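In what follows, a single structure is set out as structure tokens and then discussed.
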Ligand code: ADP
């Protein structure tokens, strides 16, 4: 199956995903926040924050990712990705966003995760315009999947229909 065919976009709540791993859109302190991060911490239980504090007291730089176990989630692992805050597009945002997806897939491969779900990193509180973020996210995922055959499928879990439609359109553009 081609790399693009291994990407599926759905509407949903990522905390319900049954993939081997789910990605989180975290902040660089890995200290908990709003949005998807809050939902993941709530569903995973307090062990998630304890593990983050213990293993990553220094947090995680923007554009990178760190792994914890999934605690009370169905997913075995959570890959905490730190995307960039949108500053108008000229501050290296696209490269940092691409780098956070790339780091997550690299870690997923090391963990032997065959399936992973992502939220639309940086498109909430961090203000990244959705279509531009979708181009970076899906373009990066497609090229990374090409190089990582052990990852069978990636699910982009969007929080509403509007985000889903944008992602489906961008995926169609990429598929040519
Ligand atoms: P960031 O700070 O990286 O922008 P947010 O959590 O604010 O992170 O938002 C990232 C995206 O995740 C937004 O598009 C938001 O609508 C979406 N989101 C929020 N909660 C969930 C959830 N439970 N499952 C999937 N996506 C979610």
Most mobile listed residue (77, 118, 159) in the chain, GNM with C-alpha springs under 10 Å: 159
For the chain, calculated [θ]222 nm from helices alone, where every DSSP H run of n ≥ 4 adds -39500 (n - 2.57): -13000 deg cm²/dmol
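Just need the relative contact order of the stretch 1-88 here, percent rounded to a whole number, with Cα pairs under 8 Å and 6+ apart.
Details: 130 pairs, mean separation 30.8, N = 88.
For the stretch 1-88, the relative contact order is 35 percent.
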Residue of 153, 103, 143 that the Gaussian network model of the chain assigns the largest fluctuation, springs spanning Cα pairs under 10 Å: 143
Computed over the stretch 78-138: relative contact order in percent, which uses C-alpha pairs under 8 Å that are six or more apart: 41
For the stretch 67-111 versus the stretch 1-64, the gap between their alpha-carbon centres in whole angstrom: 8
Choice from 104, 91, 25 showing the highest fluctuation, given a GNM over the chain with Cα pairs closer than 10 Å: 91
Least to most buried among 126, 101, 56 (fewest other Cβ within 10 Å first): 56, 126, 101
Convex hull volume of the chain per residue (C-alpha atoms, cubic angstrom): 98
Additional length obtainable on full extension of the chain from residue 114 to residue 10, 0.36 nm per residue less Cα span: 35.6 nm
Taking the stretch 4-175 and dividing mean pair separation by its residue count, relative contact order in percent (alpha carbons under 8 Å, at least six apart): 31
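Rounded to the nearest 5, what % of DSSP beta bridges with both residues in the chain are antiparallel?
Values: 5 of 21 bridges.
In the chain, DSSP labels about 25 percent of beta bridges as antiparallel.
Readers should treat all values here as calculations from the given coordinates under stated rules, not as data from a laboratory. Note that the coordinates shown come from a computational prediction; the quantities given were computed from them, not determined experimentally. Every residue, glycine as well, gets a Cβ built from its backbone with ideal geometry; the counts of neighbours run over all protein chains shown.
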